[in-house]
1. Please list, in chain and number order, the residues 5+ apart from SER202 or on another chain whose amide H is under 5 Å from its amide H, with Hs placed from the backbone.
2. Could you sort LEU223, LEU335 by accessible area so the largest value comes first, with the probe set to 1.4 Å?
3. Select from PHE449, HIS511, PHE402 the residue farthest towards the positive end of the dipole of the range 393-530; place +1 on Cβ of Lys and Arg, -1 on Cβ of Asp and Glu, and compute about the Cα centre.
4. Given a 1.4 Å probe and the protein chains all in place, what does the accessible area of HIS511 round to, in Å² to the nearest 10?
5. Measuring from label point to label point, each 7 Å out along Cα→Cβ, what is the ARG276 to TYR382 span in nm?
6. Can you compute the charge dipole magnitude of the range 343-487 about its Cα centre, using +1 on each Lys and Arg Cβ and -1 on each Asp and Glu Cβ, nothing else charged? Give it in debye, rounded to the nearest 20.
7. Counting only residues 5 or more places away or on other chains, whose amide H sits under 5 Å from the amide H of PHE380 once H atoms are built in the peptide plane?
8. For an R0 of 22 angstrom, estimate the FRET efficiency from the Cβ-Cβ distance between ASP339 and GLU445 and round to the nearest 0.05.
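The values are calculated or read from the model by the stated rules, or taken from the named source; none is laboratory data. Just so you know, these numbers come straight off a predicted model, no measurement behind them. Note: ideal-geometry Cβ built from the backbone for every residue, glycine included; neighbour counts use all protein chains shown. Surface areas here come from the heavy atoms of the whole protein model, side chains and all, with no ligands, DNA or RNA. Shrake-Rupley method; radii C 1.70, N 1.55, O 1.52, S 1.80 Å.
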Amino acid sequence: MVAERKMQPSPPPEHRRALRYVVFLALSLLAFSCWALISSRIDSAVLVATGGGGGGGGAVPLLTVEDDGIGRSGGSSHEAGGGGGAHRHRVTSSQAEMSASSGNATVRAGEMGDPAMIRQPSGVEAGERPCDAASAQLRVYVYDLPSEFHFGMMGWDAKKAGSGGGGAWPDVGDARAVPRYPGGLNLQHSVEYWLTLDILSSTSSPTTSHRPCTAVRVTNASLADVFFVPFFASLSYNRQSKLHGHGSERTTTTTTTNRFLQAELVKYLARQEEWRRWGGANHLVVPHHPNSMMDARRRLSAAMFVLSDFGRYPPDVANLRKDVIAPYKHVVPSLGDGDSPGFEQRPVLAYFQGAIHRKDGGRVRQRLYHLIKDEKDVHFTYGSVRQNGIRRATKGMASSKFCLNIAGDTPSSNRLFDAIVSHCVPVIISDDIELPFEDVLDYSEFCVFVRASDATKKGLLLRLLRGITQDEWTAMWRRLKEVAHHFEYQYPSQPGDAVQMIWGAVARKMHSVKLQLHKRGRYQRALSES
């Protein structure tokens with residue numbers, strides 16, 4: 001049988017050529033199909049990473065909105081970078097992932113002096129569960145205050161907005177209709193703005209895609225855990241509390257606008273059944289600027305405050321037991337993970353730029369200045385937002401290993417959060433500082449703490465910093481890059497960003513608040529019936 005198989009005639013040459021041609025054609029088609037598939041995926045990834053793209057259901061572009069951070073007269077922070085060259089917008093791999101998964105398109109902020117991202121909210125994807133009162137950690141009732149208490153300060157007119165805004169509020173589902181927060185240093189205390197946008201969007205239509213379900217707005221007060229008071233107290237102080245004119249011509253119209261709003265707010269809340277029932281303990285107010293709500297803060301002190309620190313508050317008005325510390329909004333642009341210089345690329349040992357002559361606890365700045373200003377690897381100088389101050393700070397922090405965060409007129413400043421997003425290890429010299437989210441973040445993993453009394457001992461501070469090894473510094477630098485997103489304000493909010501961290505902190509505070517309220521209400525029915 002073997003012999004018979006060997007004797008079988010082989011296919012003619014033309015058949016063998018045809019067979020080889022068919023096999024070659026099939027392999028070619030298979031290779032072309034694989035190449036086309038890979039090419040299309042590469043194109044999609046490039047569109048996401050560069051902010052390009054179009055319709056047709058493909059990847060939606062992610063565009064980063066940057067501004068000079070100091071108004072039109074201060075220069076552009078775009079041009080600051082660790083090597084002194086132009087700071088370019090880059091999209092990290094994690095940002096590209098977020099864009100591809102969330103389907104949120106970013107729109108430029110126009111005149112808005114805001115380096116955060118503003119995206120066009122999109123609809124809920126198939127199979128995704130919307131955020132509702134049953135699934136949220138925190139159910140928030142929002143008082144419908146007149147527009148002069150909030151977006152009216154930005155020029156938004158509810159009457160001109162039409163029916164799309166739902167009456168008292170802008171249409172937050174349309175990014176073009178969202179009023180722009182004033183730029184410059186106003187942004188540092190814009191916490192009230194981001195919280196309001198977020199909670200309004202929690203039930204907007206279309207629902208914000210992939211918005212974390214930490215807090216959701218409820219319209220039935222009986223379902224609420226907390227009552228949100230949307231008074232833009234910091235903006236009111238910044239824009240409506242300055243005298244104008246000279247001598248007898250000086251007017252008090254602008255001065256009294258801020259005070260008038262505070263007085264009206266106190267009267268408004270006193271009329272609310274929810275405030276009277278629990279004395280305001282389950283209400284949330286956001287006077288983040290240290291000088292905001294000076295007239296009303298004591299009368300509203302039963303409420304939970306969202307503050308930058310306790311420097312100008314007596315302990316019976318504000319304290320950690322009931323209040324939340326929120327980060328300032330940084331004014332220097334954030335460094336991307338791949339853009340952050342490492343140990344060897346940061347030639348400056350310690351960096352400080354700001355006001356040197358301060359009062360109260362800030363006197364330590366002046367003493368430190370005289371101790372270390374002449375050291376060759378130390379940058380310690382006066383600085384302000386004028387004369388490209390933001391640009392110089394951006395470059396300086398990105399080229400420094402350590403950034404000094406020294407107490408000023410108040411225990412905290414925006415400088416700490418500029419350092420965090422610059423991945424410059426903060427050195428905190430402020431004995432009375434309270435830090436945002438410290439119940440869930442261990443700041444000792446990415447900050448160095450020095451008591452003011454030790455920092456002013458000759459040679460001690462620089463010996464301490466020079467004694468930190470490259471490996472120790474690199475571990476803190478890596479941790480900084482991991483936690484930096486917790487200090488980002490943006491709309492729509494994203495998992496773990498500053499907005500969601502604040503709502504989480506409020507939810508944790510509400511456990512003890514509700515315990516006290518429930519204990520207080522034990523005999524309420526018996527007393528009412530007696």
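1. When sequence neighbours closer than 5 places are left aside, the close amide H contacts are ARG217.
2. LEU223, LEU335
3. HIS511
4. Here the accessible area works out near 140 Å².
5. 5.6 nm
6. 840 debye
7. Amide H to amide H, under 5 Å and 5 or more residues apart or across chains, PHE380 pairs with PHE352.
8. Working from the Cβ atoms, E equals 0.50.
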